[in-house]
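What follows is a set of notes on a single structure, which appears directly below.
The values are calculated or read from the model by the stated rules, or taken from the named source; none is laboratory data. Note that the coordinates shown come from a computational prediction; the quantities given were computed from them, not determined experimentally. Reconstructed Cβ throughout: ideal geometry from the backbone, glycine too, with neighbour counts over all protein chains shown. For accessibility, only protein heavy atoms count, side chains too; no ligands or nucleic acids. Shrake-Rupley method; radii C 1.70, N 1.55, O 1.52, S 1.80 Å.
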Amino acid sequence: MTDVTSTDGILGRRGMRTGIEWSTPGAARARAAQLVAEHRARRQEIVRNPHLAADWARAAVRAPHLLAAVQEAIGPDVAVENTFLVVKWPHRAFEIPWHQDGIDARVELDPDRSVSAWLAISDATLENGCLHAVAGSHHFGYLPFSSEAEHGAERGRADQATGFTTVDSTALPLPAGSALLMDSRLLHRSGTNTGDGARVGLNIRYVAPGGIRRRDPQSPSPDPVTGTDW
Ligand SMILES: O=C(O)CCC(=O)C(=O)O
């Protein structure tokens with residue numbers, strides 16, 4: 001690991017790492033097309049824990065370069081705490097508010113023993129709703145949050161972080177097949193897809209042993225990827 005001090009957390013001063021290849025661009029785009037065809041009729045926006053049900057997602061969470069980057073960040077023994085497939089349909093309002101992946105009403109993760117990944121399955125662009133993140137915001141620590149019901153989002157699917165003032169954010173367009181790793185405390189959001197094609201991404205929360213501080217008991221058990229001590 002480079003550029004990491006103990007106060008910076010597992011991914012360094014910016015709290016994120018980009019440019020990790022999880023698939024070839026062509027295979028990722030073909031997967032996106034298949035997922036769009038599968039979910040188009042119901043305009044489904046969120047599929048929970050596809051890594052437990054679909055071979056492609058089971059393989060994606062184990063993609064070699066991605067897994068190596070995760071292990072570099074949190075150590076050799078890795079399990080998947082949860083995954084979300086997010087489809088943003090063109091011109092359909094769907095904003096995901098500022099949030100931190102390591103804390104919400106369902107779960108709290110130890111930021112030294114967890115990391116979150118976002119995988120571009122289709123190309124993610126400024127127009128179609130790529131992620132925006134606040135570099136270095138993991139230094140804020142975990143922030144208070146309000147639940148989706150409280151802040152009135154119809155389909156927000158994230159508990160909005162509160163207690164911070166306006167921040168400079170960075171847009172993170174990613175080509176299909178590329179992934180981003182984020183410190184569990186990193187503030188990020190995404191906007192509505194104003195483009196003409198669907199934007200498809202997979203969010204993954206990875207944990208090392210002992211990485212889960214609190215968790216809704218109804219959540220499925222963490223899914224071991226490497227190691228035997230689970
Ligand atoms: O896919 C998106 O636009 C955002 C997903 C996200 O931030 C999350 O699931 O935590």
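Just a few scattered comments:
- Looking only at segment 192-230, and only at residues there that are outside any strand (DSSP E or B) and open to solvent by less than 10 Å² (accessible area, probe 1.4 Å), the one that is farthest from the ligand (Cβ to nearest atom): ALA208
- Residue pairs whose Cβ atoms lie under 6 Å apart, separated by 6 or more positions or on different chains, with the first residue in segment 50-78 and among the small types (Gly, Ala, Ser) and the second part of a helix (DSSP H, G or I), are ALA57/PRO50; ALA57/HIS51.
- Residue selected from segment 191-209 under the condition small (Gly, Ala, Ser) and at pLDDT 95 or above, by the criterion farthest from GLU21 (Cα to Cα): GLY195
- Flag for ARG62 being within 13 Å of the ligand (Cβ to nearest atom), under 18 Å from the mean Cα position of the chain (by Cα), open to solvent by 40 Å² or more (accessible area, probe 1.4 Å) and closer than 19 Å to GLY211 by Cα: no
- Note on segment 103-115: residues that are of a type outside the set (A, V, I, L, M) and either modelled with pLDDT under 95 or in contact with a His (Cβ under 9 Å, 6 or more places away or on another chain) (or both) total 3.
- Flag if ARG48 is more than 15 Å from the ligand (Cβ to nearest atom) and of a type in the set (Lys, Arg): no
- Qualifying residue in segment 180-187 (condition: open to solvent by 10 Å² or more (accessible area, probe 1.4 Å) and either within 10 Å of the ligand (Cβ to nearest atom) or touching a Pro at 6+ places or on another chain (Cβ under 9 Å) (or both)): yes
- Look at (1) over 28 Å from PRO222 (Cα atoms); (2) more than 10 Å from the ligand (Cβ to nearest atom); (3) modelled with pLDDT of 95 or more and you find that SER122 fails only one, number (1).
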